[in-house]
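Shown next, in structure tokens, is the structure this report addresses.
The values are calculated or read from the model by the stated rules, or taken from the named source; none is laboratory data. Given the structure is predicted, the values throughout are model-derived calculations rather than measurements. Ideal geometry is used to build each Cβ from the backbone, glycine not excepted, and the neighbour counts take in all protein chains shown.
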Amino acid sequence: MPKPSFLLRAVAHHSYPFLDELKARFGGQRCPCGKAHRLAPVEVILGEGAFDSSARGLLQRYGSGASLWVLSDERTESAAGARWKGAVRAGNISSRILPGDPSPVPTLELAQALSAEVRALAPDLVVGVGSGVVSDLVKKVSLDADLPNWCVATAASVDAYGSAMSAIRLAGYHRAVPARPSEVIVCDLEVIVRAPRRLFLAGLGDLLAKYLASLDWRLAARVTGETYCEVVGGFALGSARRAIDAARAWESDPEAALSALMEAALVSGFAMQAFGSSRPAASAEHTVAHFWETVGAAGATEHDLHGILVGAATKFLLPGYTAWLGAAGGLARLEKLDVEERVLALEREAPWQATLEPALMPWRRVIAEEQQRKVLDRSMMTRRLQALAREKDQILAFAQPLLAELAEAMESLEGLGFPFSLETLRIAEPQRLLPVRNVRLLRDRYTAFDLAHELGREGELLDSIAAGA
């Protein structure tokens, strides 16, 4: 009997309509975008008592003699790992507990070492107990060792639980690499509620990024012809809106807020998996945040969390996006566009190798790989600029409301004490703007930075961001 493609087991009489809606839409039928979005078979166990429910599920799937390899770190082992292992009572459990302080870095070398360990043990199942780093490592190990994996979530701090990608540090830089999605995701609200409040804020920051991600994805579709899916994009942006609703509910009902945030984070991850990339959920703000993570830019270690940095990067970039795509921005003021003149100017530009900032030399190889995929010839540049002239009003029509909504969302998060300030994060001034100036080089993903550059107006966008640095 085939496994259901998506099974939601809501524990303790909870309901999760957003996940139910996603399940209904991604059942394999063809989408209006022309694709048949499919999710790997997955079961989500969400609510109080999820550990006991997952123990019964493990017995049903693997029997009483199952052998498990369980990865955690010292913090997640204390928060949930020991308790979950006690609940499942599997026949044979091998544990690998990483240091908790400092937090482990998900390098390729670590993933390879863990994969070798798993191959030698040959368990029936690998399990990750933790959020971002542990989940990413286990999904990568699962793919490399060709074994199924489960995830036991410990916080609503990231949105990649359901993604088929892992953030792994390759050649010193964070990259999204293929991974094996978890076949079961266990979210026990008794554990999620006890997580430090800063992890709740991190989850809000990671989901806040969907506003710029949505804007840039739709922009790319209009200008470059990149495939855009209204359904997938709607779920990703909807996850951000539900996260903001969760933030506004925090003071009156923290448990309900965390439950809603966890659901939103899961939906965002499944949206990425359904589309086959992180495009629905990540854009320029993630490029900046990943650079800050790579160089250890956040001197305030208590705030050195992926979602906190993503949220801070989103606020940092907003003045530039507003100055360029807002109601009185540069694009709105753009009148007649001389396409031939702009194409000639772009053709005369020096290659990126000739103008690379010295501070980026350690990542020259990473940039070369990204730029190799970004090949622009005269006909392509001409088509883009012609599309921009044709689509300008439509671009402004969707960009302006999104930017206004994002500004309101950030006000809500500021009211909760989200650490948006780069001074609070203790990010040194030289590292603040370095990735911003080089967003186009660090990631082959079309954004407002590319649009401004192709029009010869990138300086306006950068100046507005620099003014707030």
Residue count, the range 352-366, condition touching a helix residue (DSSP H, G or I) at 6+ places or on another chain (Cβ under 9 Å), loosely packed, with under 12 Cβ neighbours inside 10 Å and free of Cβ contacts under 8 Å to residues at least 60 places away in the same chain, comes to 1
Picked from the range 144-161 (must be small (Gly, Ala, Ser) and surrounded by 24 or more Cβ atoms within 10 Å (Cβ to Cβ)), the residue nearest to the chain's Cα centre (by Cα) is Ala160
Take Ala257 and decide whether it is assigned by TED's automatic domain parsing to the domain that holds Leu413, of a type in the set (Gly, Ala, Ser) and out of contact with any strand residue (DSSP E or B) (no Cβ under 7 Å at 6 or more places or on another chain).
no
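Table: residues versus (1) small (Gly, Ala, Ser); (2) exposed (fewer than 12 other Cβ atoms within 10 Å of the Cβ); (3) within 24 Å of Ala404 (Cβ to Cβ).
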residue	(1), (2), (3)
His286	no, no, yes
Ala289	yes, no, yes
Lys315	no, no, yes
Ala328	yes, yes, yes
If we keep only residues of the range 176-201 that are part of a helix (DSSP H, G or I) and charged (D, E, K, R), then the residue nearest to the chain's Cα centre (by Cα) is Arg198
Residue hits (the range 370-397; at pLDDT 95 or above and more than 16 Å from Thr224 (Cβ to Cβ)) are Asp393, Leu396, Ala397
Taking the range 16-32 and the residues there that are in a loop (DSSP other than H, G, I, E, B) and more than 22 Å from the chain's Cα centre (by Cα), the one that is modelled with the lowest pLDDT would be Gly28
If you go through Leu219, Leu204, the only one that is within 27 Å of Trp150 (Cβ to Cβ) and either in a helix (DSSP H, G or I) or touching a His at 6+ places or on another chain (Cβ under 8 Å) (or both) is Leu204
Check on Ser379, farther than 18 Å from Leu219 by Cβ, of a type in the set (S, T, N, Q) and either touching a helix residue (DSSP H, G or I) at 6+ places or on another chain (Cβ under 8 Å) or not assigned by TED's automatic domain parsing to the domain that holds Ala220 (or both) = no
Output for Cβ contacts, cut-off 6 Å, separation at least six or different chains, first residue surrounded by fewer than 18 Cβ atoms within 10 Å (Cβ to Cβ) in the range 113-133, second aromatic (Phe, Trp, Tyr), reads Leu121/Trp69
